[in-house]
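Undergrad: My questions all concern the structure below.
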Amino acid sequence: MARTLRSTTAAAVVLLAAVAFAPPASAAPLTDVPAGPCAGSPWMDRHRSPDERAAALLPQLTLDEKMQMMHTVSDATHSREVLAIDRLCVPALLMNNGPAGVGSGGPVQPSTTALPAPIGQAATFDPDAARRYGTVEGRDTWDTGRNLMEGPNVNIARVPLNGRTFEAFGEDPYLAGRIATGNIAGIQSQGVIANVKHYAANNQEINRNTVDELIDQRTLHEIYLPAFQAAVQDGHSGTVMCAKNLVNDVHACQNAPLLNDILKGSFGFDGFVLSDFNSCYSTVECANNGMDMELPSATFYGDALKTAVLNGQVSMATVDDHVRRILTVMFRFGLFDRAHPTAPIDARADGAIARQVEEEGTVLLKNNGNVLPLDPGRAHSLAVIGPGAGTAVTGGQGSPDVAPLYTVSPLSAIRARAGDRVTVNYAEGMPPVNLGPQPAVPSYALQNLTAAYYPNKTWTGTPVATRGEPWIDTDFHQVPPLPGLPVNNWSVRWTGNLVAPVTGDYTLNLISRGGATLYLDGAVLAKGSGSFPAGTASATVHLDAGVPRAIQVDYASQGTVELGWTAPAGADDPAIAQAVAAARASDVAVVFVGDMEAEGMDRATLALPGFQDALVSAVAAANPRTVVVLNTGAPVLMPWLDQ
């Protein structure tokens with residue numbers, strides 16, 4: 001029987017891990033802000049408490065300005081932003097995605113520190129490690145010009161196939177609460193507001209907008225709410241994000257028992273509640289039942305809320321409570337009092353912390369024969385194999401997606417560490433795993449594959465760069481991949497020959513976020529226009545072994561694109577044979593396998609994607625000194641474990 005494993009990255013087998021505010025001494029120092037129109041205003045008096053300052057400012061706001069405070073703006077120049085009110089010296093609230101580092105915030109994705117998968121924090125069992133992790137998140141948030149970090153995620157791991165298990169802290173409510181408290185302390189030590197999410201019971205991605213989680217009160221309070229309670233009572237999180245799903249027949253963002261009775265009542269939460277994207281379904285119910293702010297734009301708040309106030313459906317006292325909460329948190333975190341220049345991120349220093357937390361969260365599950373640690377005195381040659389070996393896998397997709405400042409693949413790191421002492425034999429084994437159910441078309445089936453990158457979305461003119469690439473499988477992290485490519489205005493065209501290893505019918509899967517087109521022999525074969533997290537356009541063709549067919553893929557977005565295939569029996573044999581040869585020629589074989597998890601989708605199975613199980617079994621049969629490294633953030637089957 002197959003066995004299961006839960007982790008962030010695993011080896012022989014290993015799993016890799018991937019407060020009340022003053023503001024603290026480590027945050028940006030308080031600096032005199034220009035007096036402007038607010039000179040002498042009581043809400044600008046730092047000697048007053050945040051509550052007193054908010055109470056002084058609130059009556060000065062017009063109804064329209066109160067409406068402005070209760071929703072973010074998303075347009076060509078703003079994203080996740082509550083706009084400033086200059087006449088009253090109210091600064092902007094500037095949010096960014098999380099919780100595995102600074103994700104998308106403004107219209108342009110910044111390059112920041114890629115941290116281990118958040119479940120790796122839980123694997124350390126150390127709140128101080130979570131604090132160090134959070135400190136990097138907070139510092140990177142502030143240095144990129146933002147002041148609210150959308151994290152941590154404390155949803156309990158309940159559904160084994162949940163696409164976001166990697167993004168939270170596992171199945172134990174107590175551990176999740178302790179790790180969350182440490183993480184929040186780190187974030188908020190930098191003067192950045194933490195945002196604990198998704199309240200509550202957001203435990204699956206399929207139908208996440210409509211699924212109704214029916215939970216009795218004991219189970220709710222013993223399993224699903226303790227981590228949130230710890231986050232607000234012990235961690236003093238400035239904000240909470242309400243979830244997309246329903247809880248006991250009511251959407252979470254308009255759920256009075258959850259928001260007003262438990263969170264703001266029993267738990268004593270004095271911060272503000274903001275919605276997950278597009279998670280409010282009724283202006284009146286959201287406003288009256290506890291949701292303080294709407295994301296990503298004013299669909300149900302803004303003008304709709306103003307009308308409800310004027311019609312008497314929502315009282316001014318209710319509006320004032322929402323705005324008071326928002327202002328109080330902003331005063332508590334010193335946002336009115338600190339200048340906020342951006343600053344370069346110390347990539348190496350933050351990277352060292354990321355590496356340290358990763359090491360502390362790594363779990364050695366099995367080490368028969370003491371294969372590990374590797375000893376250059378005994379292992380003179382090393383086979384490095386698999387989809388996660390030659391490419392740096394930096395995390396799951398969706399909200400935690402980070403555009404890393406730099407990456408180091410396992411293969412390059414092993415070669416650097418081995419130096420001249422150990423011979424490193426590399427075999428691809430299988431292309432990297434992306435969002436598709438099957439891996440990318442392997443490099444041995446793509447001859448003379450070339451990528452041309454254009455400084456426009458029309459594939460015209462002179463490319464900025466043309467280079468050979470092994471496969472079509474890339475997550476661009478919402479940023480241009482090369483210097484000289486304009487943000488949100490570039491395209492890439494791959495051309496080459498598709499050569500089938502065996503004769504048969506192949507289903508080609510074009511997986512993309514944004515528009516992509518697949519051509520075979522000059523004719524359009526599939527055209528995709530996938531939205532978040534990605535869509536798939538497929539076509540089945542008959543291919544003869546060894547016969548080149550001209551292939552072209554055009555892509556003009558900044559998300560994810562992959563050309564995968566479902567191939568007939570025998571098509572994987574060349575890759576496995578190459579891996580087996582490398583394993584036999586080496587003293588020790590290390591196989592890097594994994595899957596891809598993402599927001600907006602759940603996994604279809606607990607099995608590793610593609611033919612990774614067959615790859616591990618074949619390598620283990622060829623070399624009994626085999627180490628398996630699982631880069632996974634959720635349970636997976638391991639039918640080869642006893643080998």
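Undergrad: Could you say whether any residue in region 615-633 is within 21 Å of TRP471 (Cα to Cα) and modelled with pLDDT of 95 or more?
TA: yes
Undergrad: Of these, PRO373, PRO432, which one is under 24 Å from the mean Cα position of the chain (by Cα) and either in a loop (DSSP other than H, G, I, E, B) or over 26 Å from THR507 (Cβ atoms) (or both)? Outline the logic, then answer.
TA: Working: PRO373 fails: under 24 Å from the mean Cα position of the chain (by Cα).
From the options PRO373, PRO432, the qualifying one is PRO432.
Undergrad: State all residues of region 411-423 that are of a type outside the set (Ser, Thr, Tyr) and either surrounded by fewer than 17 Cβ atoms within 10 Å (Cβ to Cβ) or in the same structural domain as VAL547 (by TED's automatic domain parsing) (or both); if no residue qualifies, say none. Please lay out each step first, then the result.
TA: At the first step, the residues of region 411-423 found to be of a type outside the set (Ser, Thr, Tyr) are 411, 413-422.
Passing the criteria: ALA413, ARG415, ALA416, ARG417, GLY419, ASP420, ARG421.
Undergrad: Another one. Report, by residue number, each residue of region 329-353 that is in a helix (DSSP H, G or I) and in contact with a helix residue (DSSP H, G or I) (Cβ under 6 Å, 6 or more places away or on another chain).
TA: Matches in region 329-353: PHE331, ARG332, ASP350, ILE353.
Undergrad: Residue check: is THR124 touching an Asp or Glu at 6+ places or on another chain (Cβ under 6 Å) and among the β-branched types (Val, Ile, Thr)?
TA: It is true that THR124 is touching an Asp or Glu at 6+ places or on another chain (Cβ under 6 Å) and among the β-branched types (Val, Ile, Thr).
Undergrad: Turning to a different aspect of this structure: Output the residues belonging to region 555-570 that are assigned to a strand (DSSP E or B) and either surrounded by fewer than 21 Cβ atoms within 10 Å (Cβ to Cβ) or among the small types (Gly, Ala, Ser) (or both).
TA: The answer is GLY564, THR566.
One line per residue, one yes/no per condition, for (1) over 26 Å from VAL136 (Cα atoms); (2) out of contact with any helix residue (DSSP H, G or I) (no Cβ under 7 Å at 6 or more places or on another chain); (3) of a type in the set (Phe, Trp, Tyr):
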| site | (1), (2), (3) |
| --- | --- |
| ILE179 | no, no, no |
| GLY186 | no, no, no |
| GLY191 | no, no, no |
| GLU205 | yes, yes, no |
| LEU220 | yes, yes, no |
| ILE223 | yes, no, no |
| ALA227 | no, no, no |
| GLN233 | no, yes, no |
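Undergrad: Six or more apart or on different chains, Cβ atoms under 8 Å: show the pairs whose first residue is in region 541-553 and closer than 10 Å to LEU518 by Cβ and whose second is buried (at least 16 other Cβ atoms within 10 Å of the Cβ) and of a type in the set (D, E, K, R).
TA: From region 541-553, the pairs are GLN552/ARG493; VAL553/ARG493.
Undergrad: Filter region 579-599 for residues that are more than 31 Å from the chain's Cα centre (by Cα), β-branched (Val, Ile, Thr) and under 19 Å from TYR444 (Cβ atoms) and give the result.
TA: VAL580
Undergrad: Which condition breaks for ARG603 when tested against (1) modelled with pLDDT under 90; (2) of a type in the set (Lys, Arg); (3) surrounded by fewer than 20 Cβ atoms within 10 Å (Cβ to Cβ)?
TA: Unmet for ARG603, out of (1) modelled with pLDDT under 90; (2) of a type in the set (Lys, Arg); (3) surrounded by fewer than 20 Cβ atoms within 10 Å (Cβ to Cβ): (3).
Undergrad: Right, here's the next one. Against the condition under 28 Å from PRO50 (Cα atoms), crowded, with 19+ Cβ neighbours inside 10 Å, in the same structural domain as GLY182 (by TED's automatic domain parsing) and among the aliphatic types (A, V, I, L, M), how does VAL247 come out, does it pass?
TA: no
Undergrad: Which condition does VAL357 not pass, out of (1) over 30 Å from ILE576 (Cβ atoms); (2) modelled with pLDDT under 95, if it passes all the others?
TA: Condition not satisfied by VAL357: (2).
Undergrad: Turning to a different aspect of this structure: Which count do you get for residues in region 250-275 that are small (Gly, Ala, Ser) and crowded, with 17+ Cβ neighbours inside 10 Å?
TA: 3
Undergrad: Moving on. Would you check if there is a residue in region 528-545 being of a type in the set (D, E, K, R), in contact with a strand residue (DSSP E or B) (Cβ under 7 Å, 6 or more places away or on another chain) and surrounded by fewer than 17 Cβ atoms within 10 Å (Cβ to Cβ)?
TA: Yes.
Undergrad: Of a type in the set (S, T, N, Q) and either surrounded by 24 or more Cβ atoms within 10 Å (Cβ to Cβ) or on the phi > 0 side of the Ramachandran plot (or both): does that describe SER617?
TA: Judged against the criteria, SER617 is not a match.
Undergrad: Among the numbered criteria (1) assigned by TED's automatic domain parsing to the domain that holds LEU543; (2) over 29 Å from the mean Cα position of the chain (by Cα); (3) modelled with pLDDT of 95 or more, which one does ALA445 miss?
TA: Only one criterion in (1) assigned by TED's automatic domain parsing to the domain that holds LEU543; (2) over 29 Å from the mean Cα position of the chain (by Cα); (3) modelled with pLDDT of 95 or more is unmet by ALA445, namely (3).
Undergrad: Any chance you could count how many residues in region 191-231 are crowded, with 24+ Cβ neighbours inside 10 Å and of a type outside the set (D, E, K, R)?
TA: 15
Undergrad: From the list ALA347, ALA383, exactly one residue is modelled with pLDDT of 95 or more and not charged (D, E, K, R). Which is it? Show your work before the answer.
TA: Working: ALA347 fails: modelled with pLDDT of 95 or more.
Selected residue: ALA383, the only one of ALA347, ALA383 that is modelled with pLDDT of 95 or more and not charged (D, E, K, R).
Undergrad: For region 220-328, give me every one of the helices (runs of 4 or more DSSP H) that falls completely inside it and has 1 or more residues that are among the basic types (Lys, Arg).
TA: 303-310
Undergrad: Let me ask something else about it. Could you please find all residues in region 64-83 being among the aliphatic types (A, V, I, L, M) and either in contact with a Leu (Cβ under 8 Å, 6 or more places away or on another chain) or not assigned by TED's automatic domain parsing to the domain that holds PRO110 (or both)? Lay out the reasoning, then the answer.
TA: Step one: of region 64-83, the residues among the aliphatic types (A, V, I, L, M) are 67, 69-70, 73, 76, 82-83.
MET67, MET69, MET70, VAL73, VAL82, listed by residue number.
Undergrad: Name the single residue that is farthest from VAL384 (Cα to Cα) among those in region 630-643 being crowded, with 23+ Cβ neighbours inside 10 Å and among the aliphatic types (A, V, I, L, M).
TA: The residue in question is ALA634.
Undergrad: For region 155-162, does any single residue satisfy the condition of being closer than 17 Å to ASP346 by Cα and surrounded by fewer than 24 Cβ atoms within 10 Å (Cβ to Cβ)? Break it down into steps so the answer makes sense when it comes.
TA: Just the residues of region 155-162 that are closer than 17 Å to ASP346 by Cα, to begin with: none.
No, that holds for no residue.
Undergrad: Out of (1) part of a strand (DSSP E or B); (2) in contact with a Gly (Cβ under 9 Å, 6 or more places away or on another chain); (3) farther than 24 Å from VAL479 by Cβ; (4) charged (D, E, K, R), the odd one out for ASP602 is which?
TA: Looking at each condition in turn, ASP602 falls short on (1).
The values are calculated or read from the model by the stated rules, or taken from the named source; none is laboratory data. Bear in mind the structure is a predicted one, so any value in this text is a computation, not a measurement. Cβ: placed from backbone, ideal geometry, glycine included. Neighbour counts: every protein chain shown.
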